[in-house]
1. So, in the range 211-232, how many residues would count as being part of a helix (DSSP H, G or I) and surrounded by 21 or more Cβ atoms within 10 Å (Cβ to Cβ)?
2. Can you tell me which residues in the range 180-198 are closer than 25 Å to D351 by Cβ and not in a loop (DSSP other than H, G, I, E, B)?
3. Mind listing whichever residues of the range 41-70 are over 15 Å from L424 (Cα atoms) and within 18 Å of the chain's Cα centre (by Cα)?
4. Mind checking whether some residue in the range 27-34 is farther than 16 Å from L119 by Cα and either under 17 Å from the mean Cα position of the chain (by Cα) or at pLDDT 95 or above (or both)?
5. Please work out which one of (1) in a helix (DSSP H, G or I); (2) modelled with pLDDT under 90 is the condition L110 fails and give its number.
6. Considering every residue within the range 328-342, establish whether at least one is closer than 27 Å to R302 by Cα, at pLDDT 95 or above and among the aliphatic types (A, V, I, L, M).
7. In this structure, is P75 within 15 Å of G423 (Cα to Cα) and either touching a strand residue (DSSP E or B) at 6+ places or on another chain (Cβ under 9 Å) or part of a helix (DSSP H, G or I) (or both)?
8. Scan the range 195-210 residue by residue and report those that are touching a residue at least 60 places away in the same chain (Cβ under 8 Å) and either crowded, with 24+ Cβ neighbours inside 10 Å or in contact with a Cys (Cβ under 7 Å, 6 or more places away or on another chain) (or both).
Amino acid sequence: MPNGHAAVAFSTLPAEPVLRRWLERLAVLGLLVHALFLSISMAGMQIGLGVSAGSLLLVRLTGRKVWARSALDVPCLLLCGAAVSSLGLATLAGSPPVGWHEATLWRSILSAPIVLSVLELRRWPGEAGQGAPRKLALVALCVWAVASLVPSAVAWVQYATGFDPLYALGLRATAVHAKVPIYQDHYAATGFFHWYQRLAHNLTPPLCVAAAVAVHGKVGPRLRGLLGLSALAAAAAVVLTLSRLAWGALLLSAFLVAAFGSRTRRWAIPLVLAGGVAMALHPGVRVRLAHLAAPGINDDRRAIWSVCASMVKEHPLTGVGWGNLPRRSAALYDALVATYPAPLPRAWCHDSFFSAWAEGGPLLCGALVLFWVLLFRGFWRWSRSAPDELARAAATGGLAALAAMFANSLGHDILYSSEAMYGLGFAVAVAAALARGGEGAALAVGKRGDSAG
């Protein structure tokens, strides 16, 4: 009889928990697809994240809370809110949105809290506490690590030949060749993206987290080997993009990771110095650095900044609205720099803070300042209160990723590059899930880190 009663009771349970579990699994699947295509396909990474976001919404409709509250929330929501507000203020000032795509470019900023919510939503069968999110975070990082080896390998071919894999597969109508004028017969690596900076900015944040976990996380040898190999391969690909600011950002993040552990500092810092010397010996790096002070080498930036300065002067308080600058500045380009000898990229200001002021005035620029300050503060606090080596390593990787992308933002418009923001969002979310460890930390790494390998 007791067994019969149990069977009857089970048969009368509502289907909602079963549906919820399948939606949770779908959210996790979307996250892993996002991690798989993060360094390979813009469409793939967006589809994966869209599946995760939609699944989270449906899970919420079943009555379960899905938003993982963390230090990522306020900076991301604040910056998105300021971007949307800038559209309203600019519209009132006579500068309405130029298109829905441009007006919604802020959506990639939300990837960090969405990814973290998926990581902390799933509870693996037979496990409890905080171990499940951390284990899933390591799985997602491993998926990225394996997939990132593909564009890292393609970068070497592109550097020598300019090979465009998307054009070769018939997925792009015109081949992209990022030829370097001052370095004949060589090309900047673009991977599967449209330009070399996008590859550099996409790979840099996750490789920072992977490197920190590999060096300091006390994980298993196989996991350490995979993450270390992928971080080195991705770093080499960043060098082959021939992006000067990306090189500096890469070295900055490497020093932060190396200086983290007192026991590893003695060999990690000399290793980073050796890597910096090896990078400086690369012919492409030497040529690019030798032309830093060449006459006219930065004239294009000065021309772009003159246009942006005029835009700020015309709209000092409201800006022209988020995403509107490329089209709203077209007339100024024709008037101010029409005689410039080479075509200029009529996009944003090549400085995130300058672009933010031009598009949203002090409101958007202030929100961008707070975005960086609050994220740095959050990871700094996690690094100080970390319960174990894995949490401290992840927090350090998050800080390194933020430092690198902040440096890149001073010379590039990363906020409007989905490849860059999705890379940053994935990295800080994985780092946050690992850094927020607690009672179940041992489930993620095992007693001596063996189970994670």
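1. Count: 10.
2. Scanning the range 180-198 gives Y196, Q197, R198.
3. Within the range 41-70, S41, A43, G44, I47, G48, G50, S52, A53, S70 qualify.
4. Looking for residues that are farther than 16 Å from L119 by Cα and either under 17 Å from the mean Cα position of the chain (by Cα) or at pLDDT 95 or above (or both), one finds none in the range 27-34, hence no.
5. If we test L110 against (1) in a helix (DSSP H, G or I); (2) modelled with pLDDT under 90, just (2) comes out false.
6. For the range 328-342, residues closer than 27 Å to R302 by Cα, at pLDDT 95 or above and among the aliphatic types (A, V, I, L, M): absent.
7. Answer is no for this residue.
8. Q197, L199, A200, H201, N202, L203, T204, P205, P206, C208, V209, A210
The values are calculated or read from the model by the stated rules, or taken from the named source; none is laboratory data. Keep in mind that this is a model prediction, so the values were computed, not measured. Glycine also receives a Cβ, built like all others from the backbone with ideal geometry; neighbour counts cover every protein chain displayed.
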